[in-house]
Every structure is written in C-alpha cells, then in structure tokens.
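A short worksheet on the structure shown next.
What follows is calculated from the coordinates using simple rules that are stated; it is not laboratory data. Bear in mind that the values here come from a model prediction, so they are computed numbers and not experimental data. Backbone-built Cβ (ideal geometry, glycine too); neighbour counts: all protein chains shown.
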C-alpha cells in the first residue's frame, strides 16, 4: 500500500503510534507493580496475623505453665526422672543373671543335672547343687566352668570328690562385674 501523506503527517502518525505503545506498556507495567504491591501487602498482613496468633498462643501456654498444678507436675516428673536415673546406674552395676544362666547351661555336660541354684546379688556369687553320674563328668564340668569367661573363684567342696559314681556335688563361684 502506498502512503500519499506528507512526511510531517507520517512522522506525526509514527509518533502517535509510538506514544500509544509506550502508554500501553506503561499501563501494563503500572498494573504489574500495583498487583505486586497488593500481593506483598497481603503476605505481610497474613504473616502479622499469624505472628499475633502465635504470640497469643505463647502467652496462654506461659500462663498454663505458671499454674501451680503444672509446677507440681513438673516437679514430680523431675523427681521421677532422678529416681529412674539412679535405678539405671544401679542396674548397670549388676551382673546379667540371664547371661550367667546361659553360660552355666553351656558348661554343663549332658549327664549332669542341677538340683538347686542360688544367686546372691550382693556379692555376685552363685551356688549350684547337682548330680553327676561319674567323677570324670564332674571333672569335665569343673574344667568347663574354669574356662568360661566371667566366672572366678570356683570352689568344689572336698565332699564332691569322694565318690566315683552317683555324685551329689555342690559348687560356688563368683561372677565378674560387667564392664560398662
């Protein structure tokens, strides 16, 4: 298409076109900035409301904690925790009876059976009474006890060695304290 307008009018039209373009871009940018400001303002308002709610919640919890019943409960909890700590320390120093019984079981030859077992936790001592069909089996039991880690001061009374067969025996030994 041929434009027959004079060059001055052509420039005017071009300037008007550029002005409208700049105006449209300005409006779009302004709308974007206004939207951004409104979004940021709404976020700020939301955060302030949440902050106020949290402050109110904290004040309520502080009032609850200042309540004498809560302080009593807290004191009881601390006292019970202290007792539990003392119990834990006490039990850590005690030998493990289950482990000891398992060790005794594994040291027993098949022919020997026990008739009595006593455990004295104050001195960590075990006393066993039992029956052995032969002296050799009893010697094997004695050697097994001596080889077992954790048993010390193993003592068979002399009466345990008098008979060759059908022996009623007793043995005393101490359990080493666990290293924790």
Interatomic Cα distance distribution for segment 7-92, bins of 5 angstrom, percent: 3, 11, 7, 8, 7, 7, 7, 6, 6, 5, 5, 5, 4, 4, 4, 3, 3, 3, 2, 1, 1, 0
Ratio Rg/Rh [Cα only; Rh per Kirkwood] for segment 97-175: 0.94
For the chain: span of alpha carbons on each principal axis (Å, largest first): 142, 59, 22
Highest-MSF residue in the chain out of 65, 164, 13 [GNM, Cα springs under 10 Å]: 13
Separation in nanometres of the label points that stand 7 Å from Cα toward Cβ, at residue 88 and residue 162: 5.3
DSSP beta bridge pairing in segment 105-180, given as percent antiparallel to the nearest 5: 100
Acute angle (nearest 10 degrees) that the helix 135-147 long axis makes with the longest principal axis of the chain, alpha-carbon atoms: 40
If the convex hull is drawn through the Cα atoms of segment 1-57, its volume per residue in Å³: 48
Rounded to 10°, Cα long-axis angle of helix 68-92 versus longest principal axis of the chain: 40
Once the Cα gyration tensor of segment 83-124 is diagonalised, semi-axes √(5λ) in Å: 29, 11, 7
Förster-model FRET efficiency, 35 Å R0, residue 78 and residue 58, C-beta, rounded to 0.05: 0.95
Degrees, to the nearest 10: 97-107 long Cα axis against longest axis of the chain: 50
Using a Förster distance of 22 Å, the FRET efficiency for residue 143-residue 117 (Cβ separation, nearest 0.05): 0.65
Helical contribution to [θ] at 222 nm, DSSP H n ≥ 4, -39,500 (n - 2.57), averaged over the chain, rounded to 500: -21500 deg cm²/dmol
